[in-house]
Ligand code: AMP
Ligand code: ZN
């Protein structure tokens, strides 16, 4: 760690969902942060909505690290216990997919975990410090259930164990995160069905006895069964971050019941609330409706990168999509559309062009029309104000405008201000926003293009050697149609892009 980390001079405020206010952030242990974010349930490919939440927290992770904090970022993989409809009844999402795809549940888990990692790396998201799985922590889950039962807040019923919400609410407040109270919840819920094992409809499962057909099961004192979804996060967060830790994040849709139940479990097990700051990222919508697997209202990252979806006019690079997301504050709803992405693409290239021209920007003895130090400060102010990336981007475009004016000789910049400008752009565009330099990606793309054309040139030569002139002419003509001209010479065939 540096001798004088940035966090000592920056006052970071973040919106704490539990107080409904922006609060000055103070970690439990100076210089160190424990952050837990609910990870994906790996039963299908992630859609762009899921990605938005994880990219929002990648921004948070990056900025905290940039400030010089040592961050332990835990994001789990839910590979068991998450039932259909997010409820206590029904089939396990992973097991159901295994049945449909005729694979082992762990093959499903592996397949979609790999997809998730692959997509996250395309979006240039930094992997978490620890990525625990629910099935890897069954023993710890059984232990915490025993503690909650011993403390009087859970009961066994017919081989399953349920959290006793009414009992808990006598001494604690069930609903404090989502702003609800138990009386209203009771008034709004239907009677329990006759076959239910629960005392009250609000109670939720900590352990479920497995039905004979349920293949993902583990032995426990109450039955052969499986853990409740809410409990997994309580166990995996506190195991690696302690019984009280700094930041817990997730999508807005997880606030209730998932996070509410985590608070209840933590308080019931340890006697105090588990989390100091709750952060919730808002939803990505499509045609004004939440992007959601269950309704089929989704677009996948692959469709976006290939342009292979009827709502898209073209393909978009991951960095453009990331930039599009960063242009909205993480607590605002963001609506996806082809037009919005095209607008982001223009902005992104304007930014990258300006960054490119920084290398050859002429300097003068003094700067006119721009105060680089004050501007750098404003960039920090934007991020210190609850990670306000759209304001940060507006500041970056102030710099773009200035750079372009210098290029036209209508303003000037001193060498030292240019250094500040370069450093700040590097810090915020690449480190904090996590964008990738398009000049680097385009050189990568042009390598691939050249390789592909060389391959076609070789195939054409082979066709000619075999006197298959129909094929060799077709390759030449089709390439010409898309603007690539082949030229045959003594040294072989070369190409040029028209
Ligand atoms: P799941 O795999 O369903 O457990 O969801 C993984 C994460 O994606 C959770 O944090 C959800 O809140 C988040 N999520 C799901 N749909 C959306 C959406 N449309 N926009 C943003 N985040 C979402
Ligand atoms: Zn969770």
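Among 277, 240, the ranking by other beta carbons within 10 Å of each residue's beta carbon, starting with the fewest, stands as 240, 277. For the pair residue 458 and residue 130, the difference between a 0.36 nm per residue extended length and the Cα-Cα distance amounts to 113.4 nm. Residues of the stretch 381-418 with the amide nitrogen closer than 13 Å to a label point 7 Å from the Cα of residue 361, along Cα-to-Cβ, please. Residues 396-418 qualify, since their backbone N sits under 13 Å from the label point. Judged by the ratio a/c of the largest to the smallest principal axis of the C-alpha gyration tensor, the stretch 390-498 counts as prolate, that ratio being 1.5 or greater while a/b is larger than b/c. Distance between the 7 Å Cα→Cβ label points at residue 422 and residue 180: 5.6 nm. Given their separation in residues at 0.36 nm each and the Cα-Cα distance between them, residue 272 and residue 410 gain 43.6 nm when the chain is fully extended.
Label-to-label distance for residue 450 and residue 335 is 4.5 nm, based on points extended 7 Å past Cα in the beta-carbon direction. Exposure proxy shown here: for 258, 426, 280, the number of other Cβ atoms within 10 Å sets the order, fewest to most, as 426, 258, 280.
Between 0 and 90 degrees, the angle of helix 260-270 with respect to the longest Cα principal axis of the chain falls at about 60 degrees.
On a full-extension model of 0.36 nm per residue, what is the gain between residue 173 and residue 397, subtracting their alpha-carbon distance, rounded to one decimal in nm?
76.0 nm
Here, P(r) means the percent of Cα pairs in each 5 Å bin from 0 to the largest distance; for the stretch 351-390 it is 6, 17, 16, 24, 20, 12, 5, 1. Which shape class, rounded, prolate or oblate, goes with the stretch 6-281 when its Cα gyration tensor gives a ≥ b ≥ c as root eigenvalues, a/c under 1.5 marks rounded, and past that a/b bigger than b/c marks prolate? Oblate is the answer for the stretch 6-281, as a/c is 1.5 or above yet b/c matches or exceeds a/b. Here the simple spin-label model places points 7 Å from the Cα toward Cβ, and for residue 146 and residue 192 these points are separated by 2.6 nm. Dividing the summed helix terms, -39500 (n - 2.57) for each DSSP H run of n ≥ 4, by the number of residues in the chain produces a 222 nm estimate of -14000 deg cm²/dmol to the nearest 500. If I take R0 = 60 Å and measure r between the Cβ atoms of residue 491 and residue 8 in this structure, what FRET efficiency does the formula 1/(1 + (r/R0)^6) give, to the nearest 0.05? Step by step, r from the Cβ atoms, then E = 0.45. Packing around the peptides 302-310, 141-149, 373-381, taken as the average count of other Cβ atoms within 10 Å per residue, puts them in this order, highest first: 141-149, 373-381, 302-310. Computed from Cα atoms, the angle from the helix 105-122 axis to the main principal axis of the chain rounds to 40 degrees. Across the chain, the relative contact order, built from alpha-carbon pairs under 8 Å that are at least six residues apart, equals 15 percent.
Between rounded, prolate and oblate, where does the chain land on the alpha carbon gyration tensor, with a ≥ b ≥ c its root eigenvalues, rounded for a/c under 1.5, else prolate if a/b exceeds b/c? It comes out oblate by the Cα gyration axes. Every Cα-Cα pair of the stretch 225-374 was included, and the share exceeding 25 Å stands at 54 percent. In the chain, the longest principal axis of the Cα atoms and the axis of helix 415-425 are about 50 degrees apart.
Read-outs: derived from the displayed coordinates by stated rules, not from any lab. None of these values were measured; they are calculated from a predicted model. Note that each Cβ is placed from the backbone with ideal geometry, even for glycine, and that neighbours are counted across all protein chains shown.
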